[in-house]
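Encoded as structure tokens, the structure appears first; notes follow it.
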Amino acid sequence: MTTTFDYSPYAVAYRERAEYVPGVVRALLRTAAVRPGDLVCDMGAGSAHLTAPLLEHGLRVDAVEPTPAMRAVGERRTAGAPGVTWYEGTGEASGRPAGHYRLVTFGSSFDRTDRPAALRETARILAPGGHFACLWNHRDLDDPLQARVEELIHERVPGYGYGVRRTDQRPVIEESGLFAPPVALSGRQVFRLPAAAWVRAWASHATLGEQAGPRFAEVCDAIGDLVRRETGEWIDVPYTTRAWTARRLDPRGTDADARR
Ligand SMILES: C[S@@+](CC[C@H](N)C(=O)[O-])C[C@H]1O[C@@H](n2cnc3c(N)ncnc32)[C@H](O)[C@@H]1O
């Protein structure tokens, strides 16, 4: 089953989100043993938040994205970069050729898929010994200002939750039977960001948008008011990038192709 969620309303503001912690991206690429020039498929590539650092590491990237408005932002951001090609598709039905990629990544998009189906599709398009990876940026909710933002959201959106985007991804990967035991990676970094841009980026928060419904704009405005009261021109926001990566098992069962 393909579960495409329409990100169009969130596309423009998404560009202003904090980047993934660079050390985690580096560790992920090391664990997946990819080298400059290797071909990666970035699923749900959106505004190229992960595609861009993959390209900076010298990888070639096939970026797959179902939402035209998100794809347009991503294509603009990576225009002129060598080695990137954009495709329409989903994590469950990417349209990419079998056995082709050293690494398949899901930057904040794995939770948008039917995850077992996306894992099957990933295993199909991975080259022998290739890796699956998924990652998210989690705001540190223990930070005093972020705790107040969180409180404000819960007051206005009763029952607000993060779904699977803040949960351990190991069980679903292990249950697929398609991958070696996953490796979990994480790293925390405080990003100093223009406060106005950080507030604007809330308009890209689909998890909140879905649950707030018609109150979404009002909640974003209230976050803006709070941040303006509490900070100056800049805001320090601690994020933890959490990633999981796992090597595709050899479908013949010998697992002889684990190393290349
Ligand atoms: C939160 S954004 C992440 C964008 C970008 N990869 C990043 O790292 O910031 C989630 C993206 O997943 C896309 N998406 C929605 N349903 C999807 C599906 N079934 N398969 C792959 N991507 C999907 C959305 O259109 C959106 O661009």
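Read the figures in this text as sums done on the coordinates, not as results from a lab. Given the structure is predicted, the values throughout are model-derived calculations rather than measurements. Cβ coordinates were reconstructed from backbone atoms using ideal geometry, including for glycine residues, and neighbour counts include every protein chain displayed.
For the range 73-95, the tally of residues that are farther than 18 Å from Cys134 by Cα and part of a loop (DSSP other than H, G, I, E, B) stands at 7. Only residues that are within 11 Å of the ligand (Cβ to nearest atom) and of a type in the set (Asp, Glu) were counted in the range 25-55, giving 1.
Look through the range 171-185, keep the residues that are in a helix (DSSP H, G or I) and in contact (Cβ under 8 Å) with a residue 24 or more places away in the chain, and return whichever of them is surrounded by the fewest Cβ atoms within 10 Å (Cβ to Cβ).
Glu175
Taken over the range 149-169, the residue count meeting the criterion of being basic (Lys, Arg) and exposed (fewer than 15 other Cβ atoms within 10 Å of the Cβ) is 1. Quick check on Arg229: is it surrounded by fewer than 17 Cβ atoms within 10 Å (Cβ to Cβ) and part of a helix (DSSP H, G or I)? Taking the combined requirement at face value, the residue satisfies it. The set of residues in the range 75-85 that are of a type outside the set (S, T, N, Q), in contact with a strand residue (DSSP E or B) (Cβ under 6 Å, 6 or more places away or on another chain) and under 19 Å from Gly58 (Cβ atoms) comprises Gly83, Val84.
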